[in-house]
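The values are calculated or read from the model by the stated rules, or taken from the named source; none is laboratory data. Everything numeric here is computed off the predicted structure, so don't read it as measured data. When we count neighbours, we look across all protein chains shown, and the Cβ atoms used for this are built from the backbone with ideal geometry, even at glycine. Accessible surface areas use protein heavy atoms only, side chains included; no ligands, DNA or RNA. Shrake-Rupley method; radii C 1.70, N 1.55, O 1.52, S 1.80 Å.
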Amino acid sequence: MTTADAFLDRLITHEQDPLAIDARRVAELAARIADTPPSATRSTSGDVTRLSQYVTELLRRTAKLEATNEAAQLMKNQDTAH
């Protein structure tokens, strides 16, 4: 394993748990919105806006993690090919 491989592996490991925690928070917020729909006394537009922002950020981080995983795998494959 090269230094770059090790770095990418640490980066992936470091990001996986926080990503899972944030994904659970998004799911909890979505469930809260579903459990308490808008009414005459409660507005949910702020919650939905916040959910949208969280999902956008989660999508960005997930795509970055997937690209890092792919790069790490390509580097490992290249190392074994030589």
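Which one is nearest to residue 76 (Cα to Cα), of the residues in the stretch 12-65 that are among the aliphatic types (A, V, I, L, M) and touching a Ser or Thr at 6+ places or on another chain (Cβ under 6 Å)?
Initially, the stretch 12-65 is screened for residues among the aliphatic types (A, V, I, L, M), giving 12, 19-21, 23, 26-27, 29-31, 33-34, 40, 48, 51, 55, 58-59, 63, 65.
Imposing the further condition that a residue be touching a Ser or Thr at 6+ places or on another chain (Cβ under 6 Å) reduces the set to 12, 33.
Working: 12: 14, 33: 43 Å.
Step by step, filter the stretch 12-65, then rank; the result is 12.
Under 6 Å between Cβ atoms, at least 6 apart or on separate chains: pull out the pairs that start in the stretch 39-64 with a residue that is open to solvent by 80 Å² or more (accessible area, probe 1.4 Å) and end on any residue that is at pLDDT 95 or above.
From the stretch 39-64, the pairs are 54/26.
Taking only the stretch 25-82 into account, find how many residues are part of a helix (DSSP H, G or I), over 19 Å from residue 10 (Cβ atoms) and aliphatic (A, V, I, L, M).
Looking only at that region, the number is 14.
Scan the stretch 23-30 and give yes if some residue there is open to solvent by less than 80 Å² (accessible area, probe 1.4 Å), modelled with pLDDT of 95 or more and more than 13 Å from the chain's Cα centre (by Cα), otherwise no. Can you show your working first?
Narrowing the stretch 23-30 to residues open to solvent by less than 80 Å² (accessible area, probe 1.4 Å): 23, 26-27, 29-30.
Then drop every residue that is not modelled with pLDDT of 95 or more, which leaves 23, 26-27, 29-30.
Among the residues that remain, those that are also more than 13 Å from the chain's Cα centre (by Cα) are: 29-30.
Within the stretch 23-30 (the criterion being open to solvent by less than 80 Å² (accessible area, probe 1.4 Å), modelled with pLDDT of 95 or more and more than 13 Å from the chain's Cα centre (by Cα)), the answer is yes, since at least one residue qualifies.
Can you tell me which residue among 2, 36 is within 30 Å of residue 81 (Cβ to Cβ) and not acidic (Asp, Glu)? Spell out how you get there, then give the answer.
On the way: 36 fails: within 30 Å of residue 81 (Cβ to Cβ).
Answer to the check: 2.
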